[in-house]
Amino acid sequence: MPAPLLTIESTPDLPASADAVVIGGGIIGCSTAWFLARAGLRVALLEKGRVGAEQSSRNWGWCRQMNRDARELPLATRSLELWEAMQAELGSSLGFSRCGLLYLSDDDAEIDRWARWCAFAAGEGVRTEVLGPSAAAERGRATAKPWRGGVVSPTDGIADPARAVPVIARGLTTLGATVHQFCAARGIERSGGRISAVMTEAGRIATTRVVMAGGAWASSFCRQLGVSFPQASVRSTVLSVQPGADGLPDALHTAGVSVTRRGDGGYTLAISGLARVDPTLQHLRYARHFLPMLLDRHGLVRPGGLHGLRAGHESWRRWRLDAPTPMERTRVLDPIPDRATVDLTLDRARRLLPALGTVPVQAAWAGYIDSTPDGVPVIDEVLPGLVLAAGFSGHGFGIGPGAGQLIAQMVLGATPDLPFAQYALSRFRGLRRADVSGF
């Protein structure tokens, strides 16, 4: 079933032209459109289904610096500031709060890794607190068990996946931008080697600047333009329980299960990194790129079924601009939750947190997390006038505002005020292992 999501109205008419067109109505696309519109550009946001309906509403809602790859940490820190600023400027809640994130563990090696990260992060201005056994037990008293240690990241927080993206998209119209739902971008026209228009199912928009922020669909779209983007998706299953559990942390991670308070007072429950691989031709095409990541996650990433082939988001064929595309056949990626994962997650959560014992399940859903081989996104001008922003590897929701600001600066021709060379598509000529935890 779909994850809970606020719905908004679309702009009635497609513009004949725009200063910039953003393809993809998730957190990355909406944040990018927000900063472009604030800079005075006429922006059209295109979404083949509903804004926020794919992974941007199917994640945990964590907005964290803790345990970030060093290459993403500046975006994470900037994003926390922007979550606060955007929420204030919009005048409508994004569900954002700096509630702090709590990590607990009985694994000495894991605790040591966290402590080393905290030492590194201190040099980057990030506040954390490493917990010994007594402090971990006190912080984790809702679990009614002792812990060997843990970490608290007090300036990190959460936002509401059910509200955040639709509220930002609705705010775009107050800045003069247009928002077009159920309007797939079929392709791009070029003239003299540069972008000249975006072709949609509803017509043509003349433009010279385009952002491709299509999430799990981005690689297939880029293939139509002759751009090879190594991207693969895994199917992650999440569930929520109704309000009624008292005394739980707002956001808690353990190796067994993680819990996050939702905007309605219920809790999201998930097992970090546990996912199914639904094979597609794209998986086969980029298999060698993703082998290191799969080896790192051995035991957590398991074989799936034919859901990916049916969904079409990793289509290998070329499509025409004057005929329906796979995006129009699958408006929203809404894969089937893995029943075994739902049962395992609920059992672990109720064992860990007694207060959840009698609280009914509210909903369960799955989503496709689009990953790059090193777990870090691509944010790069891959063709003159076309910026690719995808492959956020399960980390995109929290760093969405910072990424959107960075992308907008690139589109505007300004020098970004955060480092960005690490996001270049060309880096995949050489690969290294990296954690793709999906927090």
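The values are calculated or read from the model by the stated rules, or taken from the named source; none is laboratory data. Predicted model only: the values in this text are computed from it and were never measured. Cβ atoms come from the backbone with ideal geometry, glycine included; neighbour counts cover every protein chain shown. The area values use the complete protein model at the heavy-atom level, side chains included, leaving out ligands, DNA and RNA. Shrake-Rupley method; radii C 1.70, N 1.55, O 1.52, S 1.80 Å.
Among the residues making up region 85-125, those that are hydroxyl-bearing (Ser, Thr, Tyr) and crowded, with 20+ Cβ neighbours inside 10 Å are Tyr103, Ser105. In region 45-68 there is at least one residue that is over 30 Å from Gly132 (Cα atoms) and surrounded by fewer than 22 Cβ atoms within 10 Å (Cβ to Cβ). Residue under question is Ala53, and the condition is that it be of a type in the set (A, V, I, L, M, F, W, C), at pLDDT below 95 and within 16 Å of the chain's Cα centre (by Cα); does it hold? In short, no. So Pro337 ticks every box in (1) assigned to a helix (DSSP H, G or I); (2) open to solvent by 10 Å² or more (accessible area, probe 1.4 Å) but one. Which box is left unticked? Here Pro337 meets the rest and fails (1). Against the definition (assigned to a strand (DSSP E or B) and crowded, with 16+ Cβ neighbours inside 10 Å), how does Arg223 come out, yes or no? No, not satisfied. From the list Val359, Val376, the one residue that fits, being of a type in the set (Val, Ile, Thr), surrounded by 17 or more Cβ atoms within 10 Å (Cβ to Cβ) and closer than 30 Å to Ala144 by Cα, is Val359. Which numbered condition trips up Ser228, out of (1) within 30 Å of Ala109 (Cβ to Cβ); (2) open to solvent by 20 Å² or more (accessible area, probe 1.4 Å)? Here Ser228 clears every test but (1).
Do we have any residue at all in region 205-224 that's free of Cβ contacts under 8 Å to residues at least 60 places away in the same chain and either of a type outside the set (Val, Ile, Thr) or over 21 Å from Tyr368 (Cβ atoms) (or both)? Checking region 205-224: not a single residue is free of Cβ contacts under 8 Å to residues at least 60 places away in the same chain and either of a type outside the set (Val, Ile, Thr) or over 21 Å from Tyr368 (Cβ atoms) (or both).
If you check Ala421 against the conditions, is it modelled with pLDDT of 95 or more and crowded, with 24+ Cβ neighbours inside 10 Å? In short, no.
Here's a check for you: in region 425-439, which residue that is in a loop (DSSP other than H, G, I, E, B) and surrounded by 15 or more Cβ atoms within 10 Å (Cβ to Cβ) is modelled with the highest pLDDT? Residue satisfying both the conditions and the ranking: Leu431.
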